[in-house]
1. Kindly establish whether B:Arg146 is at the interface with chain A (Cβ under 10 Å from one of its Cβ atoms), among the basic types (Lys, Arg), surrounded by fewer than 24 Cβ atoms within 10 Å (Cβ to Cβ) and in contact with a helix residue (DSSP H, G or I) (Cβ under 7 Å, 6 or more places away or on another chain).
2. For B:Gly153, indicate whether it is modelled with pLDDT under 95, buried (at least 18 other Cβ atoms within 10 Å of the Cβ), of a type outside the set (Phe, Trp, Tyr) and not assigned by TED's automatic domain parsing to the domain that holds B:Phe27.
3. Can you find, within the stretch A:45-80, the residue that is nearest to the other protein chains (Cβ to nearest Cβ) among those that are over 30 Å from B:Gly167 (Cβ atoms) and in contact (Cβ under 8 Å) with a residue 24 or more places away in the chain?
4. Kindly state which helices (runs of 4 or more DSSP H) lie completely within the stretch A:81-200 and contain at least 1 residues that are at the interface with another protein chain (Cβ under 7 Å from one of its Cβ atoms) and closer than 21 Å to A:Thr252 by Cβ.
5. Which one of A:Met51, A:Met24 is of a type outside the set (D, E, K, R) and touching a strand residue (DSSP E or B) at 6+ places or on another chain (Cβ under 6 Å)?
6. Quick one: which of B:Leu96, B:Leu72 is aliphatic (A, V, I, L, M), facing chain A (nearest Cβ under 9 Å), outside any strand (DSSP E or B) and in contact with a Gly (Cβ under 9 Å, 6 or more places away or on another chain)?
7. Scanning for something over 18 Å from the mean Cα position of the chain (by Cα) and polar (S, T, N, Q), does the stretch A:88-95 turn up at least one residue?
8. Condition first: of a type in the set (A, V, I, L, M), surrounded by fewer than 24 Cβ atoms within 10 Å (Cβ to Cβ) and assigned to a loop (DSSP other than H, G, I, E, B). Now tell me which residues in the stretch A:222-276 satisfy that.
Amino acid sequence: MLAVVGTVPDASFPLTCGRARLKMGRLEVQGVSVPIGRGTPALAAAAVAAMERLSGGDVFVFLVGDVGRGDGSRVLYRFLAENLRQFSFSVMVFHYLQPDVDWHNKVLFAVDALPQRPFLIADAGFMYAAKMSGQAPAYDVFTPDIGEMAFLADERAPHPFYTRGFILHDPHKVPELVARAYAHEDAPRRLVIKGETDHIAEAGRIVATVSQPVWEPMEAIGGTGDTLTGILGALCASGKDPLDACRMAALTNRWIGFLARPTPATQVAELIPTVPEALEQARKVAALQEGDKRA
Amino acid sequence: MFRFLKKLSPRKNTASGAASDRGILVFENTSEVIQAEKRLKGLGFPIAVKGPPPEIQKGCDLVIEFPLMEKLTIERHLEAAGLHPLAVVPVTAPLLEPVSLFHTKDYGRYLMVRAANMKITVDKESLRIVNISGGGCPDVPYLADRLVGQSLGEAPQPREIGHTLCGYALQLAYEELCRRCSP
């Protein structure tokens, strides 16, 4: 089963865990209805929509309210550190949490203590904490955008806010950024770098790029990186080979933009209904590309 | 067992490790350090008074170590108490500066500005904020909820209601956007 871990932007939202469903354009967990804004609810919604199409499997979410003070995140970190052994997941996606090295390490200890280690995907604040702690290689996939990739490539930066200018200045030098991140052991086994062209890296080198179809306004829409990560989680939990899942997730996210034709003012919740069709289009394109390779 | 211990050992000479999510507040004199310590401890922040690292060439002989991610919140509390640090820097690399490079993308009717990992997009005709994306700290979705739909002149500034370094990066992008949209 796929697990999604993160926060919602409501300080009064209690720690809630359970199977997530999509209902009337919102995420429903344990009878609680959560709006699909950007962030973890968008990721979880995309994962649920993708799982319904792929295998019908469940998406289990761990959510807590946090508006940036870190209090909710610490409640969730503690819960995972103390209770994760009661659960069993094939894939875990860690997302918007206040970066905290000590708590990150406690959660990673809990993951490592599980009888069967899940496939680990990290994005957003938890990815920052993983890099800061020096434990990036313990993960299977990170899904940074180009600004976050520069942060991973800067061995001295404790947060993207402090990424040095000589690393940040050219967003087109993705292979150099990737090589630098791996050289300092600040990257996991695989990276999906979201950008004008999506780059997929493994063990220090770019192994695939996805650049079509193009729908430029997607970059401006908050949550479109989150949908990619959610779809990636769903593909991995459905048994897809990890590298194929990375390619397919990037392709699907692009098809979401192409099919929904959003403007920069579109909100991510409006894109979720497109996920199943985008997955189907991506599957067809991937099959054609595979056929071309064989021929 | 040994492999596991090695795996969770922080590495040296990088931003990685237990102190990498900590920052330093540098003040002009020790009186300010004592006042800041009293105020921040009273508010429940996990801080510690320490000696400054050798890279810091200004301020007094004491600094305050604090959770770096909460930079915006802590600076706001200090400002309310009339305390103004000379510098606020990461423990692991005190000479690092905040990002100062901006990337812009013009979509015709809309303009997007990116600072580090944060992007903000405005409708150039109405000056309404239409989207906020990027970031990884939990105040980003909160800031987006509060700002999207409001005009640049009416919306609260990210530094007024944000808490983290992502909130700070959004403030920089917001200021750059205001600069570009000003007549």
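1. So B:Arg146 passes the test.
2. So B:Gly153 does not fit the description; no.
3. Checked the stretch A:45-80; the qualifying residue nearest to the other protein chains (Cβ to nearest Cβ) is A:Ala50.
4. Output list reads A:124-132, A:146-153.
5. A:Met51
6. B:Leu72
7. Within the stretch A:88-95, one or more residues are over 18 Å from the mean Cα position of the chain (by Cα) and polar (S, T, N, Q).
8. A:Ala265
The values are calculated or read from the model by the stated rules, or taken from the named source; none is laboratory data. None of these values were measured; they are calculated from a predicted model. As a convention, Cβ positions derive from the backbone with ideal geometry for all residues, glycine included, and neighbour counts pool all protein chains shown.
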